[in-house]
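Reading through the structure tokens given below for one structure.
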Amino acid sequence: MVAMKLPRMKITVVRRYSPEEVFGHPIVQSSSGKEIPTCQFFEDGQEFIAENSFKMPDGFCGWAWRDLTVRLTKFDLIDMDWPGPDVTYVACGDGVRPVIFRLEKIND
């Protein structure tokens with residue numbers, strides 16, 4: 001049996017959305033009364049390299065990684081061509097302040 005080599009992935013933070021952009025008004029955290037900010041874990045344009053879809057890159061948000069793993073695993077195994085070859089987009093599942101990521105296969 002031949003082991004399949006999974007591709008490395010470049011993950012780029014395309015855009016972080018604020019609660020105000022999502023809902024049209026600020027969202028306040030009920031326990032503190034403070035406005036929920038745009039995701040502070042990432043920065044727009046930030047890049048990460050995942051050695052494979054099973055190893056989270058250093059410094060990556062664990063919650064976002066959990067949301068990306070389903071798409072990453074599928075992307076590893078299937079040739080997807082939308083929006084282009086070896087490129088797709090996926091969002092973090094935080095419905096209050098989502099983050100959009102670009103996934104690119106690194107073919108080396």
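With respect to the conditions (1) farther than 15 Å from residue 88 by Cβ; (2) out of contact with any Phe, Trp or Tyr (no Cβ under 7 Å at 6 or more places or on another chain); (3) among the aromatic types (Phe, Trp, Tyr), residue 60 lacks only one, and its number is (2). Pairing each residue of the range 7-18 that is within 18 Å of residue 51 (Cβ to Cβ) with any residue that is aliphatic (A, V, I, L, M) and surrounded by fewer than 16 Cβ atoms within 10 Å (Cβ to Cβ), provided the two are 6+ apart or on different chains, yields C-beta distances under 7 Å for 7/106; 8/49; 8/106; 9/106; 10/49; 10/106. Applying the criterion of being of a type in the set (Gly, Ala, Ser) and within 15 Å of residue 102 (Cα to Cα) to the residues of the range 1-57, the residue that is modelled with the lowest pLDDT is 53. Here 72, 68, 103 are screened, and the one residue that is touching a Cys at 6+ places or on another chain (Cβ under 8 Å), closer than 13 Å to residue 10 by Cα and either surrounded by 17 or more Cβ atoms within 10 Å (Cβ to Cβ) or of a type in the set (A, V, I, L, M, F, W, C) (or both) is 68. Looking across the range 19-77 at every residue that is in a loop (DSSP other than H, G, I, E, B) and in contact (Cβ under 8 Å) with a residue 60 or more places away in the chain, the one that is nearest to the chain's Cα centre (by Cα) is identified as 39.
The values are calculated or read from the model by the stated rules, or taken from the named source; none is laboratory data. Owing to the predicted nature of the structure, the values given are computational and were not obtained by experimental measurement. Glycine also receives a Cβ, built like all others from the backbone with ideal geometry; neighbour counts cover every protein chain displayed.
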